[in-house]
Amino acid sequence: MVVIGDLMTDAVARAFHPLARGSDTPASVVMYGGGSGANIASWLAVEGTETTFVGRRGSDITGRTREMELMGYGLDSRMVMDPERPTGTCVVMITHRGDRTMLSDPGANARLQPEDLPRDVFSSDGHLHVSGYTLINSDSRRAARVALRMARESGMSISVDGGSHAPLERAGAENFLDWTEGARLLFVNVDQARVLTGRDDAEAAAKVLTAWFPNVVIKLGGEGGLWASKTREDCVTAPAEPVDPSPGSVGAGDAFIAGFLPAWLAGRHPKEALGRASRLAARALHQPGARPDLGEGQPVRRGAPRGQRLR
């Protein structure tokens with residue numbers, strides 16, 4: 001599995017009271033490794049999938065720390081060090097009610113270049129997942145599109161995700177659908193699906209999206225997940241795992257993608273793949289931050305079979 005995407009530091013600020021605008025609000029502020037692409041790659045590696053992550057970091061100590069964390073999960077890190085831009089940072093603001101707002105500075109992520117892509121990872125027996133953030137960001141888009149082209153030419157199966165609904169809307173639905181031509185599987189949440197289709201109903205949005213993608217997965221948050229295919233009339237759904245989330249959890253959507261992909265690539269029924277996705281998302285909700293918590297004694301599973309391809 002090859003993941004191309006963003007590496008970030010998440011500064012998670014959780015307010016204990018309503019925000020006092022123009023003044024101080026008591027809060028907990030903790031730093032974690034983040035970035036949607038890096039998160040997905042980390043969950044994949046910890047769950048036993050042989051994973052390569054391709055991205056760009058700064059030459060700062062933060063970038064070195066973030067890359068060392070990735071290697072600690074057992075994945076193959078192919079990071080390029082940017083001599084000028086710092087490692088990306090995302091300030092995650094969580095209100096006392098649990099609402100989340102992100103302030104993102106992509107930093108070195110925005111300078112990912114086609115020359116940064118290692119040619120040896122593109123092989124016919126592999127799968128490529130491209131983070132939506134890398135496509136949506138205008139400065140890294142060319143590299144993402146070159147990666148998609150190289151994957152198509154080498155016969156790899158391809159999946160993409162929608163990133164985040166606000167930058168997706170700014171980029172434009174028609175543009176995104178054009179950039180992702182050839183992908184066999186799209187991951188979006190309800191808000192991203194609405195941006196791409198104008199439909200509020202998840203099933204209706206999924207069926208519209210199958211005109212561009214043979215397979216579509218919509219993350220439904222507390223309602224679980226939904227899979228649709230252009231070859232089937234009905235959608236397949238699976239409920240979410242019941243969970244009491246940690247106040248600082250931020251990576252459930254990325255874990256959901258990492259839970260779905262290996263099962264789907266192995267030919268499991270979509271309902272089973274959705275179930276595995278929901279279980280991994282629930283595990284992510286149990287812990288603070290967006291990455292697997294190896295401090296819980298969870299072993300890193302290495303040596304998963306290669307050659308899994310998307311149907």
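The values are calculated or read from the model by the stated rules, or taken from the named source; none is laboratory data. As the structure is a prediction and not an experimental result, all values here were calculated from the model. Glycine also receives a Cβ, built like all others from the backbone with ideal geometry; neighbour counts cover every protein chain displayed. The area values use the complete protein model at the heavy-atom level, side chains included, leaving out ligands, DNA and RNA. Shrake-Rupley method; radii C 1.70, N 1.55, O 1.52, S 1.80 Å.
Before moving on, here are some points about what is shown:
- For His165, the solvent-accessible surface with a 1.4 Å probe is about 80 Å², rounded to the nearest 10.
- From the alpha carbon centroid of the range 262-277 to that of the range 146-185 is 21 Å.
- Proximal charge balance of Ala151 [Cβ under 11 Å; K/R count +1, D/E count -1]: +3
- Accessible surface computed residue by residue for the chain, with neighbouring protein chains in place and a 1.4 Å probe, gives 44 Å² per residue.
- The chain: most fluctuating residue of Val216, Val243, Val208 per GNM, C-alpha cutoff 10 Å: Val243
- Separation of alpha-carbon centers, the range 87-132 and the range 8-49, rounded to whole Å: 14
- Relative to the current alpha-carbon distance between Thr101 and Ala204, full extension at 0.36 nm per residue lengthens the span by 34.3 nm.
- Summarising the label geometry, the points placed 7 Å from Cα in the beta-carbon direction at Arg184 and Ala211 lie 2.4 nm from one another.
- Rounded to the nearest 10 Å², the accessible area of Met93 at probe 1.4 Å: 70
- Chain lengthening between Met150 and Glu169 when straightened (0.36 nm per residue, less Cα-Cα): 4.2 nm
- Built amide H within the under 5 Å cut-off of Ser249, gap 5+: Gly289
- Under 16 Å from a label point set 7 Å out along the Cα-to-Cβ vector of Phe16, the amide N atoms of the range 76-102 belong to 94-98.
- Taking the inverse of the mean 1/r over every pair of distinct Cα atoms in the range 1-284 gives a Kirkwood hydrodynamic radius of 19.0 Å.
- Largest to smallest accessible area among Arg141, Arg184 [probe 1.4 Å]: Arg184, Arg141
- Shape metrics for the range 162-214, restricted to C-alpha atoms - Rg then Dmax, Å: 9.9, 25
- Cα gyration tensor category, rounded, prolate or oblate, for the range 116-196 with a/c compared to 1.5: prolate
- Size check on the range 169-283: the Cα extents along the three principal axes, sorted descending, read 37, 33, 22 Å.
- The solvent-accessible area of Glu181, taken with every protein chain present and a 1.4 Å probe, is close to 130 Å².
- Taking Gly63, Gly132, Gly72 as the candidate residues, the one with maximal mean-square fluctuation in a Gaussian network model of the chain, Cα springs under 10 Å, is Gly72.
- Each Lys and Arg contributes +1 and each Asp and Glu -1, all at the Cβ; summed about the Cα centre of the chain, the dipole is approximately 460 debye.
- Cut-off under 5 Å, modelled amide H: who pairs with Arg56 long-range: Leu7, Val80
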